[in-house]
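Have a look at the structure below before the remarks.
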Amino acid sequence: MDVSGFMHKYYDWAAFETFVKDLHEGDGDVTVQRDVTEVDRYGAKRQTDVKIVRRSRFQQFITLVECKRWKEPVSRDRIDVLASSIEALGASNGVIFTTTGFEEGAIAYAKAKGIELYVIRDLTPEEWGLPGRHISLTLHVTAAEFRNIQFKAEAFMLVDAAPGHMELKIDLNPNNALDPDFDLFSVNTGERGPNLVGILGDAHGMILAALGKSVGVFDEGKQSILEIIAPCELDFTRTEFHQLRLPKLAARIERIGFAIRAHISQSAINVDRGSDLDFAVMVESYVSAKRLVAHRRIGAAEIVFQNAASSENPPTSAEHPLQNGSLISVYCSPWVGLGSTVANKTGAVLGQTIQVVVETEGHKPQLSLVAQPLPGGTPAQI
């Protein structure tokens, strides 16, 4: 028995009839009865699974419904039986609901007789929205901070008095990325160019993404925090904008070395999109091509109906639809940092320096990332 959907709940004819009756309750001014036995105009007894009486101001319309919780498709002879009951009981029309479909001859004959045919079935993964009702993913949230920032630079005094020991403190925050005191100047023309803190922030994002992509699911997907520490370098030798002007001196920056300490926080995402539903099914006509999704939340009385896309024109899916088992990666901004999180697993990128080369197009920085082996070293696998 398939229990991934909801139709297994209506496993016998009585439960299925009650379910079909519930689908029609509250649809305007109607009276809906289940398992009705009447004497027809010819004096014979006829049993109807569900009888619907719909009233307008001056008239009433009677619909006879047959419910077939069968293992095989409904055949043409059942259309004949229903057509006979419609005529003998003076009903307006008839409908057959089933869970298994209809034979081709039955569909053509029902169209000729004006009888509707519906299949009630569980939703497909596409109808739930891929990857389906049940979603099982792994989430990586990656954050990092810079450590031990060191400048390889040549300083030029702007005042006569030597300043003595100088320290340049750079705080990675969005305000400093807009602070003109951290703007870089062209060594060729003296023009003001990009902001040093902004470049550090962009480099942070590139390195973080590279580290995150290098790590797949670990510890069998269990909740865990992996720490990676890697040596990095920011190379300014290919851009003219690498002069930083301080109150007493100008620094011509060639390279900035630092270590990046990254945490990859892993967690599992397991979602049952039907957990709060009593049911969610497709009600699909084989005559009029009408398709309705019917669902009801647990504890609610009302059944909600929504029009579904035609089976001939299904909704277009993404080029790369989400699949169960996928790894979803989220990268934090450079301003986030690591806070007080403690890793329970370590994996260092040894034997290589992650190098970010800074170039410029006009005044706009262009960054590219390469991995440079350290002398005598080879890249290590995480």
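The values are calculated or read from the model by the stated rules, or taken from the named source; none is laboratory data. Given the structure is predicted, the values throughout are model-derived calculations rather than measurements. Virtual Cβ from ideal backbone geometry, glycine too; neighbours counted across all protein chains shown.
The figures follow:
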item: Boolean, ILE135 is of a type in the set (Val, Ile, Thr), more than 21 Å from the chain's Cα centre (by Cα) and surrounded by 15 or more Cβ atoms within 10 Å (Cβ to Cβ); result: no
item: Residue identified as of a type in the set (Phe, Trp, Tyr) and out of contact with any helix residue (DSSP H, G or I) (no Cβ under 9 Å at 6 or more places or on another chain) among PHE19, PHE6; result: PHE6
item: Any chance GLY94 is in the same structural domain as LYS45 (by TED's automatic domain parsing), part of a strand (DSSP E or B) and small (Gly, Ala, Ser); result: yes
item: Residues being of a type outside the set (Lys, Arg) and more than 35 Å from the chain's Cα centre (by Cα) - total across region 16-31; result: 6
item: Selection status of GLY105, of a type outside the set (Ser, Thr, Tyr) and on the phi > 0 side of the Ramachandran plot; result: no
item: Per-region count, region 279-292, residues touching an Asp or Glu at 6+ places or on another chain (Cβ under 7 Å) and not small (Gly, Ala, Ser); result: 4
item: Single residue of ILE62, ILE86, ILE107 found to be touching a residue at least 60 places away in the same chain (Cβ under 8 Å) and either assigned to a strand (DSSP E or B) or of a type in the set (Val, Ile, Thr) (or both); result: ILE107
item: All strands (runs of 3 or more DSSP E) inside region 187-293 with 2 or more residues being under 30 Å from ALA343 (Cβ atoms); result: 224-235, 249-272
item: Selection from region 138-160 of residues that are part of a strand (DSSP E or B) and more than 22 Å from ALA343 (Cβ to Cβ); result: GLN150, PHE151, LYS152, ALA153, GLU154, ALA155, PHE156, MET157
item: Residue count, region 178-226 (criterion: free of Cβ contacts under 8 Å to residues at least 24 places away in the same chain and either hydrophobic (A, V, I, L, M, F, W, C) or under 30 Å from HIS140 (Cβ atoms) (or both)); result: 3
item: GLU254 among the charged types (D, E, K, R), over 27 Å from the mean Cα position of the chain (by Cα), under 28 Å from VAL95 (Cα atoms) and surrounded by fewer than 15 Cβ atoms within 10 Å (Cβ to Cβ); result: no
item: Some residue of region 171-194 being in the same structural domain as PHE241 (by TED's automatic domain parsing), hydroxyl-bearing (Ser, Thr, Tyr) and surrounded by 14 or more Cβ atoms within 10 Å (Cβ to Cβ); result: yes
item: Subset of region 259-309 [free of Cβ contacts under 8 Å to residues at least 60 places away in the same chain and among the hydrophobic types (A, V, I, L, M, F, W, C)]; result: ALA289, LEU292, ILE298, ALA300, ALA301, VAL304, PHE305, ALA309
